[in-house]
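First the structure, in the form of structure tokens, and then the observations on it.
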Amino acid sequence: MYIMDNFYKALRIFVRTHMELDIDIKLPTIKHHINGDIRFYSTKDLRKLVEKLVEDLTIVERCSWSLNYTSIWLKKELWTSTVMKETLLSGCKYGSNDEHQGTIVLVNSDECNDSVTCLRIALLKEAIQNLAKINGYVIGSNGLNLLVSKKNNPCNSNLVLCGNVVCKMTVTEYKQQKQDNITKMSANRVESDEYPIDIISKLCHASIVYELLSVRHCKVINTECDTSNKDSGIFIMYNYSRLCQVWKAYEKGVIENYYESLPDIGAINFGLLTSKEEWILILNHISMYPLVIQQSVKNLLSASVDVHRLCKFLMEMSSAVSLFYHRHHILSDPISSLLPLMHARLYLVKSSIQVYENVFQLLGIEAVHEM
């Protein structure tokens, strides 16, 4: 199991053993917990627990107690090293689990026409199947039969209700509008020419997937109310491609003998990743991804699935990547004193790329490596 999940279980067992208490854990966020602490809340006095917690859990660096909560700071170097190894060793399997191993489900839909609502149904069905499989479910006809539909039938306990998409256009017109907007955007960004048609097609699909799946499946989406001119799907792909370009530039430097090959992960000093932006990316996103996967289908057998969690995760991770990219120089001159930090950041880039690609796979999005 993954390090964050293991830590949660160890922490809960520890508190239950010593205090006979179940705890509510709050994770750090870039807005509220900039020091990167993990909090758990209790109405009981936990001061006596703080010192023993540091003694018993080797991953814990220090603790503090306040009036109604305890804050825990992790040993960042040890945590980061463990998470990076797990992410890169698992690769496309990172985030998968066997919690529902052997449980059979079948996901069907009842409509197929030229409405954007039916496009949403099709995308939702694919994402549910992908999430089910990565959580150990088996897709087959001899188990629970889920129906993704826009028709609300309270008598059907296996109904995954898909909210309507308010849109006056047909699917063809809707996709064409997306393509026209992205083509216009690319013309402004690329001086010599617009993006190749295959890239525009992938960006168009990413934009559509995010727009139609980022809202909880039972909620209505009104595409005509969005006047912000912001495309979250493109923002996500843009930040993914930034990381890909950094990695590509490094690999080019290795081929040209400008950089040495990346050392084995065991030789990396992850203690050099000390900034808030780096730690938030490691703890809130790379570490949290497996838990997001689990939580997305925890109520699947009750015909409820949280695909929108994946979209929210991607957006928040992309915002963290954007801050990291703007505030820190990843590639440096090949000077011996600068290389250890560069290597640590390159492993962070590589792990982030892996998480992006795993989520893209679940949502049926094709990655764009260069924008």
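The values are calculated or read from the model by the stated rules, or taken from the named source; none is laboratory data. Owing to the predicted nature of the structure, the values given are computational and were not obtained by experimental measurement. So basically every Cβ, Gly included, is an ideal-geometry build from the backbone, and we count neighbours across all protein chains shown. For accessibility, only protein heavy atoms count, side chains too; no ligands or nucleic acids. Shrake-Rupley method; radii C 1.70, N 1.55, O 1.52, S 1.80 Å.
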| said: Not counting ligands, DNA or RNA, and with a 1.4 Å probe, what is Lys93's accessible surface area in Å² rounded to the nearest 10? | reply: 130
| task | Please arrange His18, His329 by accessible surface area, largest first, computed with a 1.4 Å probe and ligands excluded. | result | His329, His18
| task | Could you order Met19, Met288 so the one with the most accessible surface comes first? Probe is 1.4 Å. | result | Met19, Met288
| note | per DSSP, antiparallel bridges as share of beta bridges in the chain, % nearest 5, sits at 50
| Per residue accessible area in Å² of the chain, where ligands, DNA and RNA are left out and the probe is 1.4 Å | 49
| said: Let me make sure I get this right: for the range 105-191, a, b and c are the square roots of the gyration tensor eigenvalues over alpha carbons, sorted descending. Under 1.5 in a/c it's rounded, otherwise prolate if a/b > b/c, else oblate. Which is it? | reply: oblate
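Over the chain, calculate the relative contact order: mean separation of alpha carbon pairs under 8 Å at least 6 apart, over the residue count, as a percent.
Values: 525 pairs, mean separation 73.0, N = 371.
For the chain, the relative contact order is 20 percent.
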| query | Any idea what % of Cα-Cα pairs in the range 66-219 are farther than 25 Å? | reply | 54
| said: Please list, in order along the range 267-281, the HN-Hα scalar couplings obtained from phi with the Karplus expression 6.51 cos²θ - 1.76 cosθ + 1.60 (θ = phi - 60°), rounded to whole Hz, x for Gly and Pro. | reply: 9, 8, 8, 6, x, 6, 7, 9, 7, 4, 5, 5, 5, 4, 5
| said: How large is the accessible surface of Thr170 in square angstrom, using a 1.4 angstrom probe and rounding to the nearest 10? | reply: 50
| task | For the range 235-290, evaluate the Debye formula with one uniform point scatterer on each Cα (no solvent term) and list log10 I(q)/I(0) at q = 0.19 Å⁻¹, rounded to two decimals. | result | -0.99
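May I ask for the percentage of alpha-carbon pairs in the chain that lie more than 31 Å from each other? Before the final figure, lay out each step's value.
Details: 30497 of 68635 pairs.
Percent of Cα pairs beyond 31 Å in the chain: 44.
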| note | Sorting Ile13, Ile72, Ile255, Ile353 on solvent-accessible surface, 1.4 Å probe, most exposed first, gives Ile255, Ile13, Ile353, Ile72
| request: Take every Cα pair under 8 Å in the range 39-187 that's 6+ residues apart, average their separations, divide by the length, and report that relative contact order as a whole percent. | output: 18
| Hey, any idea what % of the chain's accessible area is carbon plus sulfur with a 1.4 Å probe? | 49
| task | Please report, to two decimal places, log10 I(q)/I(0) for the range 101-150 at q = 0.21, 0.26 Å⁻¹ as given by the Debye formula with identical point scatterers on the Cα atoms and no solvent. | result | -0.69, -0.92
| Setting aside same-chain residues fewer than 8 positions from Lys184, which lysines have a Cα under 28 Å from its Cα? | Lys168, Lys175, Lys202, Lys230, Lys248, Lys312
| field | Helical mean residue ellipticity (222 nm; -39500 (n - 2.57) per DSSP H run of 4+; nearest 500) of the chain | value | -16000 deg cm²/dmol
| task | Note down the accessible area of Lys276, probe 1.4 Å, to the nearest 10 Å². | result | 80
| Residues with amide H under 5 Å from that of Ser109, placed H, sequence gap 5 or more | Val148
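If exposed GluC sites (Glu not before Pro) are those in a DSSP loop with at most 12 other Cβ within 10 Å, what is the longest stretch of the chain that has none? Write out the running numbers ahead of the final one.
Details: sites that count: Glu20, Glu191, Glu256, Glu260, Glu370.
Result for the longest clean stretch: 21-190.
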| request: Sort the range 269-308 into rounded, prolate or oblate with this rule: let a ≥ b ≥ c be the square roots of the eigenvalues of the Cα gyration tensor; rounded if a/c is under 1.5, and if a/c is not under 1.5, prolate when a/b is larger than b/c, oblate otherwise. | output: prolate
